[in-house]
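Accompanying notes for the structure given below.
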Amino acid sequence: MSEQQDYEPRIVAFLCKWCSSAGSDLAGVSRIQYPANATPITVPCTGAISPMYILSAFNKGADGVLVSGCHIGDCHYIEGNYLARRKMHLIMQLIEFIGVEPNRFRMSWVSAAEGAKFAQVITDFVDDLQPLGPQDKLKKAERV
Amino acid sequence: MTKKRTGVFVCHCGTNIAATVDVAKVAREMAGENTVAYTQEYVYMCSEPGQESVVQAIKDNQLDSVVVTCCSPNLHEKTFRDNAQRAGINNFTCEIANIREQCSWVHNDKAKGTEKAIKISRSIVRRVNRNKPMDAIAVNVTRRAMVIGGGIAGIQAALDIANAGIEVTLVEKQATIGGRMLQLSETFPTLDCSQCVLSPKMVEVKRHPRVKLLTYSEVQEVTGSVGNFRVKILKKPTYVDPDKCKLCDECTVVCPVVVPNEYELNLTARRAIYIPYAQAIPASFTLDESACLGLNPIVCGKCKDVCEADAINYDMRPETITEEVGAIVVATGFDLYDQENMPEMGGGKVEDVLDGLQFERLCSASGATQGHVLRPSDHKEPKDVVFIQCVGSRDPAKHCAYCSKICCMYTAKHARLYKKHVPDGRAYVFYIDIRSGGKGYEEFVQRTMEDDDTLYLRGRVSRLYRHNGKIKVLGTDTLSGQNVEIDADMVVLALAMVPSKGTIDIAKTLKIGRDKDGFLAEAHPKLRPVESVTGGIYLAGAAQAPKDIPETVAQAGAAASKVIALLSQSTLSRSPLIAKVRRSHCTGCGMCVDACPYTAIRLEGGKAVVNEALCEGCGSCSATCLRAAIDVKNVTQLQIHEMIEACLA
């Protein structure tokens, strides 16, 4: 049990530059505290996130992957988040098929004005990942 | 590829970063990276000595790329890229690792914060390793501007831009320009007549040789980017030729249709053919298609029969106008919070409970009652009037969390106007506290309290309802600690200001963000208050936040000066971070062509080709390509994979 509590899930968070990255900046400006488990990678648009990135993150040892972008209809690039939503829906099904808990992958919509929501998304994700323990289904075996 | 020589500059940001991130450790860890040739920490990297040290270090150590680990790239990316350029290296080889907003400010645990800061910094170092030097793309600028919204903010912005020699298109949704200010009776704190101040500006903007006025028109679609926007506007038919209309008013006499007059806030009625106000610009009648019996001489046609000027034309059709502009000012204004949301204040169903704008129309000489304050229900002079402030404002639990800023002042003004119209009347004001910051504002409120004998009661109203021909207002006076009960003849609610419906719509059309309260978001709350996050789109007036007329005019002027500065450049530099095809990998499957939202990709000779003028660099193509044959420059798939690895190392 104590081992479970010490476990810190490692999360890669893909944030779109215009909404969610700006939203995470707002969380910072507002000094809203949230767990340090997620490392952000800012991309131009969620539409630019290749499904390979998600698999690559799991393969490199991520316990959870977050994709966060502009609300549907608000994409800076017109329709990038629609494209992302379709791809991510498939990824969700694929990882479940492979045997990875679908809870390890999450997609959220956080606008530039939603600093508090960003902090909440990370907090909730960490809370949900904790009981799952480390992800090793897709993790590449250590080279000897 | 020769090995990169990257310099990593770790900023303490005073204690903003250093308090929760071990900056020395970040620098040490980065020094261990294969491509890092130099590391340095400094207390304020963005200060003059900090920037100089970056330039010097680049020169002294023959660095070819730079990572600054500091605040958000939104703040200082440009600063440090300029420094890189000053030191003689390409500015696109400089990247920012955000370890303040995304790390030190949100994690109190220093060990965990430091660990995350190292991951973020390392991922950016790996990204920079594969950054290619490149030059910004020069694009020509369309030297024309557009202002959306014809209230005082839009009028002022249009005039300022036009006076600088730039052509402006002013687009207004309503049949007249003037906006909310045209509905006001007098303005605080000078009590000068709102229309007398505004009308000359309306006429000026109408007559200005460089202003193209499009009323009764709505922006439908905006494409392009800073310097070159393409805007589609729908001009709705008014069915009246403004050049022929002589304003004789014969048509309204014969029109059989009566509908509520929205320009008078439904206090009066109008005909299907109408003019919003006597001062309307353009000075012409408008035929309201939705109210008219059918735009058909067989059905009615009375207005057309009596029009001697032959100005009425039932065959007018909606027109789509396309304008090319280099910059856009959004000045789409505010609405009042809907009374229906306030059941304790009658929910809009109790007679003689008015909102502030309706009261303005009652006081206005051109308004519903020709400037006599009369209750709408029986047209009698109200002798006891209760004004309630902060209705819907400052109530985070149920309504709007923010202060609507102008209500303290306009309520004081309303009380004074009321006492001027009805000297023997009694005015009561319920308030939470008085916020009267502004030149001459506090003195104005004091005069209202003292000279005009207005009774200010500190407290909120809990309920109001009709009782024996009066409106029973139940509230508390928190200063005396007693409950108050007033039998009022009329109640005026200072409802919260909310972004107008047009503001919400245009934010979607323009893809510019809104803040948590729904107002248009500025690019930076302090340093870029009139710019939207999107380049070339500027904000003015109450669409950005509640504000009074002088502030609105000032912001409109500021937005105009930004537009003028932008459009005085002959070319603009555009980000070169756009898509690039690796022809050897491309099989010409065309999936990227379908994914591109800008139709910037086409197939030529069995290979994808990117139109560099159209590509915005969103990367949808690269995420779609099965063979990784197309990438956004400096955000390539290889770079992202290496960043992922760094995040998990």
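In whole angstrom, the range B:130-221 maps to an equivalent ellipsoid with semi-axes of 34, 15, 14, each derived as √(5λ) from the alpha carbon gyration tensor and ordered largest first. Over the protein assembly as shown, the hull volume per residue, using the convex hull of the C-alpha atoms, is 213 Å³. Size descriptors for the range B:366-410: radius of gyration and Dmax over Cα atoms are 14.9, 40 Å. In chain B, Cα pairs under 8 Å separated by at least six residues give a relative contact order of 13 percent. Charges were assigned to the Cβ only: +1 to each Lys and Arg, -1 to each Asp and Glu. The resulting dipole of the range B:261-378 about its Cα centre is roughly 380 debye. Each of B:Thr509, B:Tyr465, A:Ala57 was scored by the projection of its Cα onto the charge dipole of the protein assembly as shown, and the greatest displacement toward the positive side belongs to A:Ala57; charges sit on the C-beta of Lys, Arg, Asp and Glu. Placing unit charges on each Cβ (+1 for Lys and Arg, -1 for Asp and Glu) gives the protein assembly as shown a dipole about its Cα centre, and among B:Gln62, B:Leu572, B:Ala145 the Cα reaching farthest toward its positive end belongs to B:Gln62. Shape class for the range B:477-582: prolate, because the ratio a/c of the largest to smallest gyration tensor axis (alpha-carbon atoms, square roots of eigenvalues) is 1.5 or more and a/b beats b/c.
A dipole drawn for the range B:238-335 from +1 and -1 charges on Cβ atoms has a positive end, and of B:Thr322, B:Ile281, B:Cys255 the residue lying farthest that way is B:Cys255. Under a model in which nothing but the beta-carbon of Lys, Arg (+1) and Asp, Glu (-1) is charged, the range B:1-102 shows a dipole of about 220 debye around its Cα centre.
Arranged from fewest to most other beta-carbon atoms within 10 Å of their beta carbon, B:Ser377, B:Ser123, B:Ser53 become B:Ser377, B:Ser53, B:Ser123. The translational diffusion coefficient of chain B, from Stokes-Einstein at 10 °C and 1.306 mPa s with a Kirkwood hydrodynamic radius over alpha carbon pairs, comes to 55 µm²/s. Modelled spin labels at B:Asp378 and B:Thr15, positioned 7 Å past Cα toward Cβ, are 6.8 nm from each other.
Here the residues B:Lys110, B:Lys119, B:Lys580, ranked from fewest to most Cβ neighbours within 10 Å of their Cβ, fall in the order B:Lys110, B:Lys580, B:Lys119. Name the shape class, rounded, prolate or oblate, that the alpha-carbon gyration tensor gives for the range B:166-299, where a ≥ b ≥ c are the square roots of its eigenvalues, rounded holds for a/c under 1.5, and otherwise prolate holds if a/b is larger than b/c and oblate otherwise. Oblate. With a threshold of 29 Å on the Cα-Cα distance, the over-threshold entries among B:Lys25/B:Lys78; A:Lys17/B:Lys119; A:Lys87/B:Lys562; B:Lys405/B:Lys562; B:Lys349/B:Lys383; B:Lys119/B:Lys508 are A:Lys87/B:Lys562; B:Lys119/B:Lys508. Model label points for B:Arg466 and B:Arg28, set 7 angstrom from Cα along the Cα-to-Cβ axis, are 7.9 nm apart.
Taking square-rooted eigenvalues a ≥ b ≥ c of the alpha carbon gyration tensor, is the range A:11-126 rounded, prolate or oblate, where a/c under 1.5 means rounded and, failing that, a/b exceeding b/c means prolate? Cα axes put the range A:11-126 in the oblate bin.
Applying 0.36 nm per residue to the separation of B:Val306 and B:Leu247 and subtracting their alpha-carbon distance, the gain on full extension is 20.0 nm.
Relative to the longest principal axis of the Cα atoms of chain A, the long axis of helix A:80-98 lies at roughly 10 degrees. Normalised by the number of residues in the range B:294-361, the mean separation of alpha-carbon contacts (under 8 Å, six or more apart) gives a relative contact order of 12 percent.
Spacing of the modelled spin labels on B:Ala138 and B:Thr571, each 7 Å from Cα toward Cβ, amounts to 0.2 nm. Given R0 = 41 Å, the distance between the Cβ atoms of B:Asn266 and B:Arg86 translates into a calculated FRET efficiency of 0.10. Assuming charge only on the beta carbon of Lys and Arg (+1) and of Asp and Glu (-1), the dipole of the protein assembly as shown about its Cα centre is about 2380 debye to the nearest 20.
Antiparallel DSSP bridges in the range A:11-126: what percent, to the nearest 5? Counting DSSP beta bridges with both partners in the range A:11-126, the antiparallel share is about 0 percent. Helices that extend 24 Å or more along their long axis by alpha-carbon positions and average at least -1.0 on the Kyte-Doolittle scale are, among the DSSP H runs of chain B, B:110-129, B:549-567.
Pairs of Cα atoms nearer than 8 Å and 6+ residues apart set the relative contact order; for the range A:11-126 it is 40 percent. Report for chain B the percent antiparallel among DSSP-assigned beta bridges with both residues inside it, nearest 5. Looking only at bridges with both residues in chain B, the antiparallel portion is about 50 percent.
None of the figures in this text is laboratory data; all of them are computed from the coordinates on show. This is a predicted model, so every value here is computed, not measured. Cβ: placed from backbone, ideal geometry, glycine included. Neighbour counts: every protein chain shown.
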